[in-house]
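Heads up, the thing below is written out as structure tokens.
Bear in mind these aren't lab numbers, they're just calculated from the coordinates by the rules spelled out. Every value quoted in this text rests on a predicted model; they were computed, and no experiment measured them. Note that each Cβ is placed from the backbone with ideal geometry, even for glycine, and that neighbours are counted across all protein chains shown.
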Protein chains: 2
Amino acid sequence: MLASTERTTFRQRPQRGSYDPRLIAAILDEALSCTVSFVDEGRPVSIPTTHWRMGDRVLFHGGQGSRLGKAMAAGAELCVTATLVDGLVLARSAFHHSMNYRSVVLFGQAEEITDPAEKEAAFVALIEKLIPGRYSQVRPPTQKELAATRLLALAIAEGSAKVRSGPPVDDEEDMSWPVWAGVVPVTVVKGEPIADGTGSGAS
Amino acid sequence: MLASTERTTFRQRPQRGSYDPRLIAAILDEALSCTVSFVDEGRPVSIPTTHWRMGDRVLFHGGQGSRLGKAMAAGAELCVTATLVDGLVLARSAFHHSMNYRSVVLFGQAEEITDPAEKEAAFVALIEKLIPGRYSQVRPPTQKELAATRLLALAIAEGSAKVRSGPPVDDEEDMSWPVWAGVVPVTVVKGEPIADGTGSGAS
């Protein structure tokens, strides 16, 4: 279990909270994007980005010139969130409508990884997260490409997960209200691949 | 168009950026969750939450005791992000793998809405975002329920959208590399509704 700290103590609905590192890892692995936040001149700045996991670290990458990468490499305090929406929870009362979700919030400072071999191993893990088995088929990165990419790692040390699941919870006196109640599942689905050359240009 | 400010000027890949309020509204409307960030004792805190839109404002709600709601009501500087992942971009080179996405980043301070009629109108809009036509069928909120819920609005005034779409962009010399390249579409799908009473308890 991750240790609970002042900023990861659950104040609202603690029954939904967890410090289980396996649950945190599973949510991070399933989420295709996350948000990384830092403080710039006293104000919050949040950037949606891609992340992936290797053991007990979350990895991020970006161009050497990116504002987020520079802040992370400079040791900025970070907050990282990843969220999976699992369902719309439709109650009998407007008040008890909700969503089923699994989310992770992590705090800490990232470390830059500069060793070329370690960097290549990290990019193997990124491509394998997208499509298992693909890395061995693609043109591997050159030294120049590895150098052009900044790689950062945040230890999964301070953070928590939060999960809501299951049906709506209506008040007893509303149970006979004449409306359908239940959950509409929400899932992320990968569709039929579209081969290169059949679409229009990228933006 | 939203005005570009110091913190919304695109530094990386400006061709992907936009200040178009219709694009920003469309992304906010499609996204089922967002992340709201603020600064607490000099450090960033980000909370995944539900949002919805009414005109040129994004709305948020929470219990009166929630940390996020208190910070927002106190006028904390906020950064709100919402992200839709649209596809895995599989290039011939490891380096040019990417994702197609649409994201929004907004900055500003929220205002609390306390007028009961305005609050009820906002919750109508929230339920209608989940399932159009549902609000008129459910048990409407009581005065007590409206009072127990804090409602906050952030003007869509300072912010931007960022979009990547289309196929991978490989280097010319990699175009004959013997690997499939293209896009795997990623979509969010609503499944078959599960009626209340057929599942296990909520958490």
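Hey, if you put +1 on the Cβ of every Lys and Arg and -1 on every Asp and Glu Cβ in region B:6-164, which of B:Thr149, B:Tyr19, B:Phe107 ends up farthest toward the positive end of that dipole?
Value: B:Tyr19.
Can you work out ³J(HN,Hα) from phi for every residue in region B:170-175, in order, using Karplus 6.51 cos²θ - 1.76 cosθ + 1.60 and θ = phi - 60°, giving whole Hz and x for Gly and Pro?
With the stated coefficients, region B:170-175 comes to 8, 6, 3, 6, 9, 5 Hz.
Search the structure for amide H atoms under 5 Å from the amide H of A:Leu151, placed 1.01 Å from N in the peptide plane, and list their residues when 5 or more places away or on another chain.
A:Ile113
Taking A:Ala125 in one copy and the same position in all the others, each labelled 7 Å out along Cα→Cβ, what are the pairwise distances from the first, in nm, shortest first?
Here A:Ala125 shows inter-copy label distances of 4.2 nm.
Give, rounded to the nearest 20 debye, the magnitude of the charge dipole that the protein assembly as shown has about its Cα centre when Lys and Arg contribute +1 at Cβ and Asp and Glu contribute -1 at Cβ.
Working: 42 positive and 48 negative charges, 17 e Å.
Computed about the Cα centre, the dipole is about 80 debye.
Based on the alpha-carbon gyration tensor of region A:136-203 and its eigenvalue square roots a ≥ b ≥ c, which shape applies: rounded if a/c is under 1.5, prolate if not and a/b is larger than b/c, or oblate?
Oblate is the answer for region A:136-203, as a/c is 1.5 or above yet b/c matches or exceeds a/b.
Can you give the net charge of the other residues whose Cβ lies under 14 Å from the Cβ of A:Met1, counting K and R as +1 and D and E as -1?
With Lys, Arg at +1 and Asp, Glu at -1, the neighbours total -2.
Can you compute the helix-only [θ] at 222 nm over chain B? Use -39500 (n - 2.57) per DSSP H run of at least 4 residues, normalise by all residues, nearest 500 deg cm²/dmol.
Result for chain B, helices only: -5500 deg cm²/dmol.
How far is it, in nm, from the label point at B:Thr9 to the one at B:Glu128 when both lie 7 Å from their Cα along the line to the Cβ?
Calculated label separation equals 4.0 nm.
What does the charge count near A:Ile156 come to, summing +1 for each Lys or Arg and -1 for each Asp or Glu among other residues with Cβ under 14 Å from its Cβ? Each step should come with its number before you reach the end.
Details: positive: A:Arg22, A:Arg53, A:Arg57; negative: A:Asp20, A:Asp29, A:Asp56, A:Glu111, A:Glu158.
Around A:Ile156, the charge tally is -2.
Can you list residues whose amide H is under 5 Å from B:Leu88's amide H, if they're 5+ apart or on another chain and H is modeled 1.01 Å from N?
HN-HN under 5 Å from B:Leu88: B:Asn100, B:Val184, B:Val186.
Calculate the FRET efficiency for B:Ala157 and B:Val179 from the Cβ-Cβ distance with a Förster distance of 30 Å, rounded to the nearest 0.05.
0.10
Please identify, among A:Ser176, A:Ser18, A:Ser46, the residue showing maximal mean-square fluctuation in a Gaussian network model of chain A using a 10 angstrom Cα cutoff.
Top of the fluctuation ranking is A:Ser176.
Among B:Ala117, B:Thr49, B:Phe10, whose Cα sits farthest toward the positive end of the charge dipole of region B:6-164 (+1 at Cβ of Lys/Arg, -1 at Cβ of Asp/Glu, about the Cα centre)?
Checked the options; the winner is B:Phe10.
Simple spin-label model, 7 Å along Cα-to-Cβ: A:Gln143 to A:Arg43 in nm?
For A:Gln143 paired with A:Arg43, the spin-label model returns 4.3 nm.
Through the Karplus equation 6.51 cos²θ - 1.76 cosθ + 1.60, θ set to phi - 60°, convert the phi angles of region A:191-196 into ³J(HN,Hα) values in whole Hz; use x for Gly and Pro.
x, 5, x, 10, 5, 3
Can you list the distances in nanometres, one decimal and ascending, from the A:Lys70 label point to the identical position in each other copy, with the point 7 Å along Cα to Cβ?
Copy-to-copy label distances at A:Lys70, shortest first: 3.6 nm.
Assign unit charges at the C-beta atoms only (+1 for Lys and Arg, -1 for Asp and Glu), then state the dipole size of region B:6-164 relative to its Cα centre in Debye, rounded to the nearest 20.
620
Using the basic label-point model (7 angstrom from Cα toward the beta carbon), what is the B:Asp20 to B:Glu112 distance in nanometres?
3.8
Can you tell me which of A:Phe107, A:Phe38, A:Phe95 moves the most in a GNM of chain A? Springs connect C-alpha atoms under 10 Å apart.
Comparing A:Phe107, A:Phe38, A:Phe95 in the GNM, the peak value goes to A:Phe95.
Listed here are the pairs B:Lys119/B:Lys162; B:Lys70/B:Lys119; A:Lys119/B:Lys190; which of them are more than 26 Å apart at the Cα?
Numbers: B:Lys119/B:Lys162 31 Å; B:Lys70/B:Lys119 17 Å; A:Lys119/B:Lys190 38 Å.
Violating the 26 Å Cα-Cα cut-off are B:Lys119/B:Lys162; A:Lys119/B:Lys190.
Suppose R0 equals 51 Å. What FRET efficiency, 1/(1 + (r/R0)^6) with r the Cβ-Cβ distance, do B:Gln64 and B:Glu172 give to the nearest 0.05? Display every interim value, and only then the final one.
Numbers: r = 60 Å, r/R0 = 1.17.
The computed FRET efficiency comes out at 0.30.
With θ set to phi - 60°, apply the Karplus curve 6.51 cos²θ - 1.76 cosθ + 1.60 along region A:41-53 and write out the HN-Hα couplings as whole Hz, x wherever there is a Gly or Pro.
My calculation for region A:41-53 gives 6, x, 10, x, 10, 10, 10, x, 7, 8, 9, 8, 10 Hz in order.
Using the 7 Å Cα-to-Cβ label point, sort the distances from B:Pro14 to its equivalents in the other copies shortest first and give them in nm to one decimal.
5.1
Using a cut-off of 15 Å between beta-carbons, work out the net charge of the residues near B:Gly166 (Lys and Arg +1, Asp and Glu -1, B:Gly166 not included).
+2
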